[in-house]
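Input: a single structure, listed below in structure tokens.
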Amino acid sequence: MACLIPSQLQKFQEDGFLVLEGFLSADECEAMQRRIDEIVAKMDVPLHCRTEFSTQEEEQLRAQGSTDYFLSSGDKIRFFFEKGVFDKQGNFLVPPEKSINKIGHALHALDPIFRCVTHSHKVQALARSLGLQMPVVVQSMYIFKQPHFGGEVAPHQDASFLYTEPLGWVLGLWIALEDAMLENGCLWFIPGSHTGGVSRRMVRTPAGSVPGTSFLGSEPIRDNSLFVPTPVLRGALVLIHGEVVHKSEQNLSDRSRQAYTFHLMEAAGTIWSPDNWLQPTPELPFPPLYT
């Protein structure tokens, strides 16, 4: 079972993150990677990704398409690409499977393999040992961090995007499906940075506006020396408090750094902000973790 012992709980409470090596077996990691290969092989690339527009009006329509594609992805399996992977005609400049940044945001609900991992006895036991009463799964992502051009992820707090009242009830579970080392873009954290609230929030703008989201507040300039690298081996799970500051660097190595990550919210006594970009839908209310 994957219950936390008191010393691990204490470390998570102090640091805002916790590494659990060997959470998944190599076979379990491989099953997810095989499944994602199948999904990618069948993917439908949306038009707004493929074409370079010329007129301002067309650019506006493209931005709107991009906005809608992202904002309505909470109950779908959708594809998000690295910059510069299409030419002006919309052809791939690199093989399609090497062009994807991430797939989101409902693998946990719509794909049997990912649903099985998300709701596994191990994950449920972990959530129970954290004291979660009524956790629900709010979103999931498969992150590729492609070799040579997997983009950096700037310092941020997950609660900036997944805001609740009160704060403190969003939890990220990040599973390394390949070794995540310094050279291929492992996670970095500022230990203890989860206690000062949220410095900026991404909120939805009124329906039909472009862009479809805006930011309240701003990300402070952070001292780089405060970040601690957190390299982990394939199969490790990293628990991430919703307010801990973390980042990852660009992947300039020749190895990808694939990961599956999903977020839980304690639904008991917590309000999911109606301003969040991601909203439950009648088709997909946030599914309870405990089955």
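The values are calculated or read from the model by the stated rules, or taken from the named source; none is laboratory data. Quick caveat: nothing in here was measured; it's all calculated off a predicted structure. Here the Cβ is made from the backbone with ideal geometry for all residues, glycine too, and neighbour counts use every protein chain on show. Just the protein is used for accessible areas: all its heavy atoms, side chains included, with ligands, DNA and RNA removed. Shrake-Rupley method; radii C 1.70, N 1.55, O 1.52, S 1.80 Å.
Descriptive notes on the structure:
- Rolling a 1.4 angstrom probe over the protein heavy atoms with all chains in place gives the chain an accessible area of 47 Å² per residue.
- The alpha carbon centroids of segment 68-124 and segment 130-202 are separated by 16 Å.
- Ordering L71, L4, C29 by Cα displacement along the dipole of segment 1-152 toward the positive end leaves L4 in first place; charges were set at the Cβ atoms of Lys, Arg (+1) and Asp, Glu (-1).
- Cross-link partners of K42 among lysines, defined as those whose alpha carbon lies under 24 angstrom from its own and excluding same-chain residues fewer than eight positions apart: K76, K83, K88, K98, K102, K145.
- Helical content alone sets the calculated 222 nm signal of the chain at -6500 deg cm²/dmol, taking -39,500 (n - 2.57) per DSSP H segment of four or more residues and averaging over every residue.
- The accessible surface of the chain, taken with every protein chain in place and a 1.4 Å probe, is 57 percent carbon and sulfur.
- Anisotropy class of segment 1-53 from Cα gyration tensor, a/c 1.5 cut: oblate
- Positive-end residue of V228, V45, A267, charge dipole of the chain with Cβ unit charges: A267
- Average Cα contact separation per residue, the chain, under 8 Å, 6 or more apart, as relative contact order %: 29 percent
- Loop trypsin sites (Lys or Arg not before Pro), segment 28-89 (other Cβ atoms within 10 Å of the site Cβ: 14 or fewer; DSSP): K42, K83, K88
- Candidate aspartates and glutamates for bridging to K247, where Cα separation is under 20 Å - those fewer than 8 sequence places away on the same chain excluded: E14, D15, E21, E82, E152, D158, E178, D179, E183, E219, D223
- Net charge of neighbours whose Cβ lies under 10 Å from the Cβ of A176, counting Lys and Arg as +1 and Asp and Glu as -1: -1
- Using R0 = 25 Å, the C-beta based FRET efficiency linking Q60 and A207 works out to 0.95.
- Two-site label geometry, C116 and K83: point separation in nm, points 7 Å out along Cα→Cβ: 3.9 nm
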